[in-house]
1. Kindly check whether there is at least one residue in region B:331-338 that is without any contact (Cβ under 8 Å) to a residue 40 or more places away in the chain and among the polar types (S, T, N, Q).
2. Could you list, ordered by first residue, the pairs with Cβ atoms under 8 Å in which the first is in region A:445-473 and farther than 19 Å from A:LEU499 by Cα and open to solvent by 30 Å² or more (accessible area, probe 1.4 Å) and the second is of a type outside the set (Ser, Thr, Tyr) and in a loop (DSSP other than H, G, I, E, B), at least 6 apart or interchain?
3. Within region B:129-146, take every residue that is of a type outside the set (Val, Ile, Thr) and under 30 Å from B:SER51 (Cα atoms) and give me the one that is most open to solvent (accessible area, probe 1.4 Å).
4. Taking strands (runs of 3 or more DSSP E) that fall entirely within region B:287-405, which contain at least 1 residues that are farther than 20 Å from B:TRP251 by Cα and open to solvent by less than 10 Å² (accessible area, probe 1.4 Å)?
5. Do we have any residue at all in region B:432-448 that's closer than 24 Å to B:ALA540 by Cβ, more than 14 Å from every other protein chain (Cβ to nearest Cβ) and of a type in the set (Ser, Thr, Tyr)?
6. For residues that are more than 25 Å from the chain's Cα centre (by Cα) and within 14 Å of another protein chain (Cβ to nearest Cβ), scanning just region B:474-494, find the one that is surrounded by the fewest Cβ atoms within 10 Å (Cβ to Cβ).
7. Which condition number does B:VAL551 fail, the rest of (1) surrounded by fewer than 21 Cβ atoms within 10 Å (Cβ to Cβ); (2) closer than 16 Å to B:GLN492 by Cβ being met?
8. Is it the case, given these coordinates, that A:LYS257 is within 14 Å of another protein chain (Cβ to nearest Cβ) and basic (Lys, Arg)?
There are 2 protein chains.
Amino acid sequence: MKISSSFHAQHSPMGAHSSFTVGMFGAEGGMALEKGGPADGGLHIGYRTESGKFYKLPFYKEAASEAERYSQSDAADQNGADVIFGEADIQRDYKWATDRFHAPGIEFTVCSPFFSIPDPASASADDLKFASCPVTFLELSVSNDSDERWEAFFALENRSTWMPMSGRGPYKGAVTRNQMGFACQEDFVDEFTHFDITKGLDMRPNGANFLLPPISGLAFDVEPGKTQTIRVVLAYYLAGEVTFNHAASYWYTKYFKSIDEVFKYAFSNQERYLAETAARDTELETSGLSEEQQFLIAHATRSYYGSSQWLDDGKPLWVVNEGEYLMINTLDLTVDMIFFELKFNPWTVRNVLEQFVDRYSYLDQVFSPEDPGTLYPGGISFSHDMGVGNHFSRPGNSCYECPGLDRKCFSYMTCEQLTNWILCAGVYLHKTGDVEFLSKHHELLLQCLESLLNRDHPEASQRNGLMSFESSRTDGGGEITTYDSLDHSLGQARGNVYLAGKCWASYLALEQLLGQLDEEEAATSARAGAVRCAMSLEAAYDESLGFIPAVLENNNQSAIIPAAEALVYPWQMGLKDAVDEEGPFGGYIRMLKRHLQNILNPEMCLYEDGGWKLSSSADNSWMSKISISQFVVREILGMSYDGEDRADAAHVSWQVKGSEFYACSDQFGAGKPIGSLYYPRIVANILWMDSNAMTTRPMPEESPSSHCTL
Amino acid sequence: MKISSSFHAQHSPMGAHSSFTVGMFGAEGGMALEKGGPADGGLHIGYRTESGKFYKLPFYKEAASEAERYSQSDAADQNGADVIFGEADIQRDYKWATDRFHAPGIEFTVCSPFFSIPDPASASADDLKFASCPVTFLELSVSNDSDERWEAFFALENRSTWMPMSGRGPYKGAVTRNQMGFACQEDFVDEFTHFDITKGLDMRPNGANFLLPPISGLAFDVEPGKTQTIRVVLAYYLAGEVTFNHAASYWYTKYFKSIDEVFKYAFSNQERYLAETAARDTELETSGLSEEQQFLIAHATRSYYGSSQWLDDGKPLWVVNEGEYLMINTLDLTVDMIFFELKFNPWTVRNVLEQFVDRYSYLDQVFSPEDPGTLYPGGISFSHDMGVGNHFSRPGNSCYECPGLDRKCFSYMTCEQLTNWILCAGVYLHKTGDVEFLSKHHELLLQCLESLLNRDHPEASQRNGLMSFESSRTDGGGEITTYDSLDHSLGQARGNVYLAGKCWASYLALEQLLGQLDEEEAATSARAGAVRCAMSLEAAYDESLGFIPAVLENNNQSAIIPAAEALVYPWQMGLKDAVDEEGPFGGYIRMLKRHLQNILNPEMCLYEDGGWKLSSSADNSWMSKISISQFVVREILGMSYDGEDRADAAHVSWQVKGSEFYACSDQFGAGKPIGSLYYPRIVANILWMDSNAMTTRPMPEESPSSHCTL
């Protein structure tokens, strides 16, 4: 499936909100802490022959302006110029946890181990230390098939000051601000720091005192006919309180008092980490998914960990930052990422849900858009997020939602966030059987039902299952959905069939949970809400259009794929009859199938390249949402359509070509990223690994109420 | 003297290494911590009329691209467009501690209080708290002479997250990362945060929950015919260890546990700070110096404090960072800045000198350039600096000096740094009479003499007073001087007449100090060194050239003003006979006068604009060094030359027009800054305030051995 080897990937420890970004040719990259995009440094890897000619990988910005030097090594050999390896020379193996580059004479490997983070409530300190250690592992192997000696080098460029490691411990390498750095324990390497590689190599072995230049690295000789290999550990370390308005530090600081301790532990436990890396690679390779699907999962996984932040505020505090936007635990991302989190770390889902309960829930009133001045009882909901850039917002408030906006970006998402919390709780409880969580939130679940009903209509007799009333928090404005940057008419929450699907699924979730709590009356009421919602939606199918319009207002005529998105929740809660076209909601399900059959075509909701266009009326598509809808279409609804085999390849191309700089991105227009860059949400595609229809491997029967293990 | 009101100034607390940079129209600026250049934010100040028209000061980058809107307010009034005030509308009063902008309807004042920092060894905690509090004071006054209500605003733009202050204390304003922010205690202001001012004002009074946008500010109404004034405190706060490889925290953290405490103290003590501000303004205004000279001193002073860093490593630790380069306590800057430091804070001079003794001195050997393989005894010297960017270099090593370089940038400055330490000690002791320092360093001063002699020639019989032997640290290369980026021939240390002058002055300093220590023999030896040096230099005057060439080697024919620079040291040590043309070194002094008389002309060492060109053969001039040489020429040598009245105006223009973005800069080529931007060293010009010849005010008799007071 090779499209190009030139694209950035984020290589990140779990929960350290840090990344080593590498892969795009001629681009900035390198190590960065808590940054919502690629580092602004560079990576210099290669070798210099004894006769003075350089061969380099192209992982630094200036390589782009030296483009004439991108050449097949054979051609360059003839004209004697230095060689910066390009597309023709570089092969890249991009696995779930391993990213390996091959070029003539060079093999460079980045290993990003990830695995189940054990629940801090029950796990041993040893296991938690192993899971939290903020490191990435590199290996550089140089094979000299010539008859002269080579000097191989590995160097990082960074605007901050590099302080050589020699003299402070057993390693060679460099750190900056005691926060970030690289180390190697091979005794045959020399450290250097300089403004360019040539001068750095020329200073060997006395290159370690110069602190002004931005390039710091390691150099070693490779004799003719020999292969020499070094292993390098990249480490991150932020000490002390890192968040504001609610103080927390990184969880790893419980076990590591300095970056030096991180290096030491990483080298001591290197083989264990590499075994985890290999296990993940194998797991994805044997998943039965296509090469394209495997790529998209691997790419998404890296971005997720790059945004993850495992903190300690006295208790464990799990945060996923919103990619480039750095918003803290955005709830409409959480609901899409739970499938991934429940596979690996179910405790993080509970952790985030309870942060919302404890600090980011609120009570509102509601009003009819026709009469904003008259307020009715509303109920509980949850803020869009918990803050931004390590700044926690005031309890009960997101950093995003502003009053006074009528269905525009930055308005409130009160109804959708309510459904998101309910759906997360429903899926979490089905997957984990965490009865303690269920009983603890007994009252809250009743409140959620009341709130959801009131947003339909405060008067029970007038309810139709859809959201019709706006939150008083909008101050007379109108709510939006997570599709906030779709055109104005689609971004609105009221009468939105995507959100209506989430309301339907939320009623079903509440029915299940309240039933388990023996709240028969409430469970019955929830069921009735689901029935009302499904009936309204089924009735809203427009025969003349051939689909259900996106918003049931103002003669809207947009067709949207996410009309069916919410089917994933009952499915993931084990409510398979609810999504069965012969089941109790068969009319609704059959309507959705007709809807999808009629819009999954190039005239409506497919791009020319076969990629999915979530709305017929907007050139704006979210990869995370596409992933879920693909699962709904293929696995849940068992549908196929003409040209479906082109979709995954198109989506790979969006990431590899379109988003080559920003690693894995979410929001695309015409195959180019237009927002939500460097984004964690795409891990929703982990759903595919749990799919009979999308893999060639038979799936085991689901075993509810047990943690997934690797 | 108005050239332009559009130039950046650094407004900085003392010792906080932080700046509020403002003044250049259409440029980035704002608050920044530990940055060697202007902040990359912006400042929005102005008012909106009730009918919706904006009047703004131009202190943000986009103002430049809206240049057509720079217009006199009268003209703009006619066409109805928003007004961004420009040169014609803005008057700027730039005093020693006050920077005030006047535009129609607006008066905006920045007060940067500075005063003598008391010696931590003896001062009270109260006085030290007052001196270390990291704040700057602003005042914004809006006078509405129209007949409609105005909304006035003050806002800062910053890439980091702004967290509103309301809810966390008695103030309105915003902070980012609890490290930096602004606060106001007027109760009639509203906070806002938004992507632009219009939307921010439109959110009043509910603008304080939105945390995503970069602009955060204060808004208030000004009724027709009224004037409304707010006072704003800017505060900085970096907690915990801020340096690496030698841990230290900011001194202010001893008294303030958070930025909130800083704000509280600043508001409580505001009048005391403003009284200090007014006192400094008056002191400079009544100095008798010209408007140009006053400007240059005021500009230099701000840059000095912006680079200053008062730390605590268990004891006080004084650091001056090297402007844009961020090198720590560069010794060849220290020697130029001591005149300023001795006026205000003599303890900082001793502090830095003893840091060099304790951690940044080293012993070397020396060699003749003709025979680099044969090493002779060298002696003690001091590293060029102590590290960079808060990273202390390894003891005994600078971050700058590299081995293996022959008289090129980044080579060693062993000889010059030795003279710099001696000269600092000499001037410090003369000004303070600190006998404890003298006796503590008794042995060291003997070592310094030996080392200085050995760098002339290891064999006493062959000495001529000039540096002829290179440090073994150069590894066979050659030393340079602080003029490292002059052309190769002038940057070299060996045979350099600028450095020879410093050697001569160092011998005189050692004679004085060793005499006070009753080291008669050594004092006599030092005197003999001075005599040898002066005789060699006097003899090196080239009658055919009409000056002494810069380097006494290889037929060098460059004329340099700094040949006479070192006269400032004996003068500042009270050794006025040594610089008297009728005194014991009269021949040397008369030679230097002839030298200067012949080169201070447009053919040699003056630019066309009358500014000084330090070398006839390089378009490269340092403002700090010019300041010293101006003092030498006018005050010490009592010289004048044709067109001397044009020099200061030219130098003002270099800063105001040439370096408009980088505030006060040091290194200029043809009136444009080419390095050493945002630089502290120019405070050497404080010498002028102590000059009979340069001021119109009679100077009091010098009173040695007493601290200067304000």
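1. As a first pass, look at region B:331-338 and keep what is without any contact (Cβ under 8 Å) to a residue 40 or more places away in the chain: none.
Looking for residues that are without any contact (Cβ under 8 Å) to a residue 40 or more places away in the chain and among the polar types (S, T, N, Q), one finds none in region B:331-338, hence no.
2. A:LEU446/A:GLU519
3. Residues of region B:129-146 of a type outside the set (Val, Ile, Thr): B:129-134, B:137-141, B:143-146.
Okay, now just the ones that are also under 30 Å from B:SER51 (Cα atoms), so B:138-141, B:143-146.
On the way: B:LEU138: 6, B:GLU139: 57, B:LEU140: 3, B:SER141: 19, B:SER143: 48, B:ASN144: 4, B:ASP145: 135, B:SER146: 36 Å².
If we take residues in region B:129-146 being of a type outside the set (Val, Ile, Thr) and under 30 Å from B:SER51 (Cα atoms), then B:ASP145 is most open to solvent (accessible area, probe 1.4 Å).
4. Values: elements: B:308-312, B:316-320, B:361-368, B:371-382.
Output list reads B:361-368, B:371-382.
5. Our first condition is that a residue be closer than 24 Å to B:ALA540 by Cβ; within region B:432-448, this holds for none.
So far as region B:432-448 goes, no, none of its residues is closer than 24 Å to B:ALA540 by Cβ, more than 14 Å from every other protein chain (Cβ to nearest Cβ) and of a type in the set (Ser, Thr, Tyr).
6. Of everything passing the filter in region B:474-494, B:GLY476 is surrounded by the fewest Cβ atoms within 10 Å (Cβ to Cβ).
7. The one condition B:VAL551 does not meet is (1).
8. Details: within 14 Å of another protein chain (Cβ to nearest Cβ): yes; basic (Lys, Arg): yes.
Yes, satisfied.
The values are calculated or read from the model by the stated rules, or taken from the named source; none is laboratory data. Treat the numbers as computed from the prediction; the structure is a model and nothing was measured. Note: ideal-geometry Cβ built from the backbone for every residue, glycine included; neighbour counts use all protein chains shown. Accessible surface areas use protein heavy atoms only, side chains included; no ligands, DNA or RNA. Shrake-Rupley method; radii C 1.70, N 1.55, O 1.52, S 1.80 Å.
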